[in-house]
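Since the structure comes first, as structure tokens, the remarks are kept for the end.
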Amino acid sequence: MARKILDTKKATHEEWLELRKHSLGGSDAGIVMNMNAYSSTISLYAQKKGLVKEIEDNEAMRQGRDFEQYVAMRYMEETGKTVRNDNFMYADDDYDFMTANIDRRIVGENAVLECKTMSSFNGFNLEGGEAPPHYYCQCQHYMMVLGLDYADLAVLVYQRGLYIIHIDRNDAFIEQMREAEIDFWQNYIEKDRIPAPDGSEASIETLKDLYPTGKADTEMEI
């Protein structure tokens, strides 16, 4: 069983952010697995090492938090299941740097509910039961850390509807993810070794932040 490391109801937002900086949470899993189109491993490295500014809170993030309870309520209406808050951050038994901070527990089952909001379908086939890759990784990460059987992903697309996607535990994928997270943390974070840029927009923006006065013909050690 994973162990509790923080009561999020009693901790300050700053304390929660500090713990996140020193661990890999569910939202980081897709980046480590190169399955998040909105970020990159070099961006994640820079964030964890405090080399770039913290991502500023914005309206989309605010709405995502505010609508979480509404999404959970709609999920209960649709499924007949009951969910409850879990106000703790957990750490993996073997690796402190693997953490989980879930949205809801599904009562009576060894499972969790992850609540999301979107302004559009963003090219994902939610109606067909397709989980966006970074959300799929997030759910598998929680199953890995907490030893869960499955996760339900409830996505509210504004003015379109609620889409519920069932995600079973994938042990083969979890094994790959575990190895990738260990490799990223031990060989990059702990060794202060910056990952190679992948050419994505996120990695390019991170390089600009890290080297704002870069010079031509300068090599970067990877």
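Does Tyr38 count as part of a loop (DSSP other than H, G, I, E, B), under 30 Å from Asp192 (Cβ atoms) and in contact (Cβ under 8 Å) with a residue 60 or more places away in the chain?
Details: part of a loop (DSSP other than H, G, I, E, B): yes; under 30 Å from Asp192 (Cβ atoms): yes; in contact (Cβ under 8 Å) with a residue 60 or more places away in the chain: yes.
Answer is yes for this residue.
Tally the residues that are in a helix (DSSP H, G or I) and surrounded by 13 or more Cβ atoms within 10 Å (Cβ to Cβ), restricting the search to segment 158-175. Before the answer, list the steps.
To start, the set of residues in segment 158-175 that are in a helix (DSSP H, G or I) comprises 171-175.
Filter again for surrounded by 13 or more Cβ atoms within 10 Å (Cβ to Cβ), leaving 173-174.
Of the residues in that region, 2 qualify.
Identify all residues within segment 47-77 that are part of a helix (DSSP H, G or I), surrounded by fewer than 16 Cβ atoms within 10 Å (Cβ to Cβ) and touching a Phe, Trp or Tyr at 6+ places or on another chain (Cβ under 9 Å); write none if there are none.
Listed by number, the list holds a single entry, Gln63.
Could you tell me whether segment 134-150 includes any residue that is open to solvent by 20 Å² or more (accessible area, probe 1.4 Å), of a type in the set (Phe, Trp, Tyr) and out of contact with any strand residue (DSSP E or B) (no Cβ under 9 Å at 6 or more places or on another chain)?
Looking for residues that are open to solvent by 20 Å² or more (accessible area, probe 1.4 Å), of a type in the set (Phe, Trp, Tyr) and out of contact with any strand residue (DSSP E or B) (no Cβ under 9 Å at 6 or more places or on another chain), one finds none in segment 134-150, hence no.
Output the residue which, of all residues in segment 1-27 that are touching a strand residue (DSSP E or B) at 6+ places or on another chain (Cβ under 8 Å) and acidic (Asp, Glu), is most open to solvent (accessible area, probe 1.4 Å).
By that ranking, first place goes to Glu15.
Would you point out the residue of segment 103-133, among those that are open to solvent by 10 Å² or more (accessible area, probe 1.4 Å) and of a type in the set (Val, Ile, Thr), that is nearest to Asn170 (Cα to Cα)?
Val107
Pick out the one residue from Gln186, Gln138 that is of a type in the set (S, T, N, Q), touching a Gly at 6+ places or on another chain (Cβ under 7 Å) and under 16 Å from Val32 (Cβ atoms).
Values: Gln186 fails: touching a Gly at 6+ places or on another chain (Cβ under 7 Å).
The conditions single out Gln138.
Kindly evaluate Phe121 against the criterion of being of a type outside the set (Asp, Glu) and under 16 Å from Met98 (Cβ atoms). Write out each step before concluding.
Values: of a type outside the set (Asp, Glu): yes; under 16 Å from Met98 (Cβ atoms): no.
Answer is no for this residue.
Only residues in segment 179-194 that are farther than 15 Å from Asp28 by Cβ count as the first member; pair them with residues that are open to solvent by 70 Å² or more (accessible area, probe 1.4 Å) and not in a helix (DSSP H, G or I), Cβ under 7 angstrom, at least 6 apart or cross-chain, and list the lot.
Final answer for the pair search is Asn187/Arg193; Ile194/Ile222.
Please specify each residue of segment 54-73 satisfying the condition of being of a type in the set (D, E, K, R) and at pLDDT below 80.
Restricting attention to segment 54-73, the residues satisfying the condition of being of a type in the set (D, E, K, R) are 54, 56-57, 59, 62, 65-66, 68.
Within segment 54-73, Glu54, Glu56, Asp57, Glu59 qualify.
Looking at (1) open to solvent by less than 30 Å² (accessible area, probe 1.4 Å); (2) at pLDDT 95 or above; (3) in a helix (DSSP H, G or I), which one does Val155 not meet, given that it meets all the others?
Answer for Val155: the failing condition is (3).
Looking at segment 28-38 only, could you name the residues that are within 12 Å of the chain's Cα centre (by Cα) and either at positive phi or open to solvent by less than 20 Å² (accessible area, probe 1.4 Å) (or both)?
Within segment 28-38, Asp28, Ala29, Gly30, Ile31, Val32 qualify.
The values are calculated or read from the model by the stated rules, or taken from the named source; none is laboratory data. Owing to the predicted nature of the structure, the values given are computational and were not obtained by experimental measurement. In this analysis, Cβ positions are derived from the backbone assuming ideal geometry, glycine residues included, and neighbour counts consider all displayed protein chains. Areas reflect the complete protein model, heavy atoms only, side chains present, ligands, DNA and RNA absent. Shrake-Rupley method; radii C 1.70, N 1.55, O 1.52, S 1.80 Å.
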